[in-house]
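The values are calculated or read from the model by the stated rules, or taken from the named source; none is laboratory data. Not measured: the values here are computed from a predicted model. Every residue, glycine among them, receives a Cβ derived from its backbone with ideal geometry; neighbour counts consider all protein chains shown.
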Amino acid sequence: RKKLVSVDKANVLESSRLWRQLAIELSADYPDVELQHMLIDACAMRLIQRPADFDVIVTGNMFGDILTDEASMLAGSMGMLPSASLAGVPRAGERTFGMYEPIHGSAPRRAGQNIANPIAQIMSVAMMLRYSLGLVEEAGSIEGAVNDVLEEGYRTYDIMEEGKTQVGTREMGDRVADRVS
């Protein structure tokens, strides 16, 4: 859809006014992408009220942490969503430095129990391949493999639903790896 929502608190925070100014300046390089600005409180409400209104949201870390936790409940679990903190906006064919991780923390309570959902980590790797390494086809292969496994009905405990097959961390990861082409 080529719609970008930049989230800030420009009505109160000087740093958000700078964020907004930079978003406007950068948007000139992407005339085919519609830029919309939204205050964090309005975005948090609309994300629950009308999630389909959003295509891509960009914001700073502080607001991003809040919105990703909120959005994870729309996806069913924090174990489903990857994240990226990018050093720049990569143009087609270009790469950028980034830090890639699931939106959730390290979950040390789940270590060694074979119950953590690996999908967010796997999708974070796909984002790294796409944006930092320029391996677009490989990223797509991983994303497709995740979709295939989910469509086949495999679920970790956090996204388990009636009529699906529950698997552990290792089996979910193995099933995805087996489908990467």
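A count restricted to the range 155-180 and to residues that are surrounded by 18 or more Cβ atoms within 10 Å (Cβ to Cβ) and outside any helix (DSSP H, G or I) stands at 3. The one condition from (1) farther than 30 Å from Arg170 by Cα; (2) in contact with a Gly (Cβ under 7 Å, 6 or more places away or on another chain) that Asn114 does not meet is (1).
Look at the range 49-69: where a residue is over 15 Å from Leu86 (Cα atoms) and a partner is surrounded by fewer than 17 Cβ atoms within 10 Å (Cβ to Cβ), sitting 6+ places away or on another chain with Cβ atoms under 6 Å, you get Pro51/Leu74; Asp55/Arg1; Asp55/Lys3. From the list Glu70, Glu34, the one residue that fits, being of a type outside the set (Val, Ile, Thr), outside the structural domain of Ile119 (by the TED database) and within 15 Å of the chain's Cα centre (by Cα), is Glu70. If you go through the range 91-146 and keep only what is farther than 24 Å from Ile66 by Cβ, exposed (fewer than 13 other Cβ atoms within 10 Å of the Cβ) and either basic (Lys, Arg) or touching a Cys at 6+ places or on another chain (Cβ under 7 Å) (or both), you end up with just Arg91.
Among the candidates Ala28, Ala44, the residue that is in the same structural domain as Ser6 (by the TED database) and loosely packed, with under 12 Cβ neighbours inside 10 Å is uniquely Ala28. Residue count for the range 83-106, restricted to those that are within 18 Å of the chain's Cα centre (by Cα) and without any contact (Cβ under 8 Å) to a residue 24 or more places away in the chain: 6. Within the range 56-78, the set of residues being surrounded by fewer than 13 Cβ atoms within 10 Å (Cβ to Cβ) and not in a helix (DSSP H, G or I) comprises Val56 only. Out of curiosity, is Ala52 at pLDDT 95 or above and assigned to a helix (DSSP H, G or I)? Here the answer is no, as Ala52 does not meet what is asked.
Among the residues of the range 100-138, those that are among the acidic types (Asp, Glu) and under 15 Å from Val180 (Cα atoms) comprise Glu137, Glu138. Among residues of the range 123-167 being aromatic (Phe, Trp, Tyr) and touching a residue at least 24 places away in the same chain (Cβ under 8 Å), the one that is nearest to Gly76 (Cα to Cα) is Tyr157.
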